[in-house]
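Heads up: the structure comes next, in structure tokens.
The values are calculated or read from the model by the stated rules, or taken from the named source; none is laboratory data. These numbers were taken from a predicted model, which means no experiment stands behind them. Here the Cβ positions follow ideal geometry from the backbone for every residue, glycine too, while neighbour counts run over all protein chains shown.
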């Protein structure tokens, strides 16, 4: 999803790159080049050499506030104003309506990764971006191409989707109802019970109709 929309409430999971917002990418790059961030990362890196296992307190954290104007219409994807990110490990972040809430979200995600046995970079460094799997969706490319043209009015070849992609990633309406109707009119398939709008589930249902 677009980075600015990935910060919507309730969004989680591995990074999705679809239609990135240039202005936000620009701000991110500028922030990453801030020498103070590199200094904080360097200090945490040196301190980390004294131990082999690290807690969240061992990592350098950047808090950022996004000015989300109440006058602008975002639909259901209104951005969350506060983020807390581990410097250089940018994909490990927390979101919230307050600075404290963003940190609590980051702490919960950090702990969840520990419990799952995920790998951790040394403080001050990072890990490669993790992309969601495309194994299942790649099995339905013919249907996907037709679906994107007829239902989403988009060129499938110009999009990047994963096994986690859903209808909600491609519109800002309050629900998927308008697309449910288009799918029924085009394929005579009812997908209204697929609550998460997962595209792989939809493609499988269309193929098995």
Original post:
Of the residues 174, 185, which single one is modelled with pLDDT under 95 and outside the structural domain of residue 55 (by TED's automatic domain parsing)?
Top reply: 174
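Within region 98-112, can one find any residue that is under 30 Å from residue 189 (Cα atoms), in contact with a strand residue (DSSP E or B) (Cβ under 9 Å, 6 or more places away or on another chain) and buried (at least 18 other Cβ atoms within 10 Å of the Cβ)?
Of all residues in region 98-112, those under 30 Å from residue 189 (Cα atoms) come to none.
Scanning region 98-112 turns up no residue that is under 30 Å from residue 189 (Cα atoms), in contact with a strand residue (DSSP E or B) (Cβ under 9 Å, 6 or more places away or on another chain) and buried (at least 18 other Cβ atoms within 10 Å of the Cβ).
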Original post:
Of the residues 87, 151, which single one is touching a residue at least 24 places away in the same chain (Cβ under 8 Å) and assigned by TED's automatic domain parsing to the domain that holds residue 185?
Top reply: 151
Original post:
Pick from region 53-92 the residues that are at pLDDT 90 or above, assigned to a loop (DSSP other than H, G, I, E, B) and over 18 Å from the mean Cα position of the chain (by Cα): which of them is surrounded by the most Cβ atoms within 10 Å (Cβ to Cβ)?
Top reply: 59
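So, in region 164-191, exactly how many residues are outside any helix (DSSP H, G or I) and closer than 12 Å to residue 202 by Cβ?
Of the residues in region 164-191, the ones outside any helix (DSSP H, G or I) are 164-166, 171-176, 188-191.
Adding the requirement that they be closer than 12 Å to residue 202 by Cβ leaves 165-166, 176, 189-191.
Residues that pass the stated criteria total 6.
Take residue 121 and tell me if it is in a loop (DSSP other than H, G, I, E, B), surrounded by 11 or more Cβ atoms within 10 Å (Cβ to Cβ) and either on the phi < 0 side of the Ramachandran plot or in contact with a strand residue (DSSP E or B) (Cβ under 8 Å, 6 or more places away or on another chain) (or both). Break it down into steps so the answer makes sense when it comes.
On the way: in a loop (DSSP other than H, G, I, E, B): yes; surrounded by 11 or more Cβ atoms within 10 Å (Cβ to Cβ): yes; either on the phi < 0 side of the Ramachandran plot or in contact with a strand residue (DSSP E or B) (Cβ under 8 Å, 6 or more places away or on another chain) (or both): yes.
Criteria met by residue 121.
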Subject >> Members of region 133-151 found to be loosely packed, with under 15 Cβ neighbours inside 10 Å and within 18 Å of the chain's Cα centre (by Cα), listed by number >> reply: 133
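Based on what the data block shows, is residue 130 loosely packed, with under 12 Cβ neighbours inside 10 Å, in contact with a helix residue (DSSP H, G or I) (Cβ under 7 Å, 6 or more places away or on another chain) and touching a residue at least 24 places away in the same chain (Cβ under 8 Å)?
On the way: loosely packed, with under 12 Cβ neighbours inside 10 Å: yes; in contact with a helix residue (DSSP H, G or I) (Cβ under 7 Å, 6 or more places away or on another chain): no; touching a residue at least 24 places away in the same chain (Cβ under 8 Å): yes.
It is false that residue 130 is loosely packed, with under 12 Cβ neighbours inside 10 Å, in contact with a helix residue (DSSP H, G or I) (Cβ under 7 Å, 6 or more places away or on another chain) and touching a residue at least 24 places away in the same chain (Cβ under 8 Å).
Take the conditions within 23 Å of residue 48 (Cβ to Cβ) and either in contact with a strand residue (DSSP E or B) (Cβ under 7 Å, 6 or more places away or on another chain) or part of a loop (DSSP other than H, G, I, E, B) (or both) and apply them to residue 134. Does it pass?
Details: within 23 Å of residue 48 (Cβ to Cβ): no; either in contact with a strand residue (DSSP E or B) (Cβ under 7 Å, 6 or more places away or on another chain) or part of a loop (DSSP other than H, G, I, E, B) (or both): yes.
It is false that residue 134 is within 23 Å of residue 48 (Cβ to Cβ) and either in contact with a strand residue (DSSP E or B) (Cβ under 7 Å, 6 or more places away or on another chain) or part of a loop (DSSP other than H, G, I, E, B) (or both).
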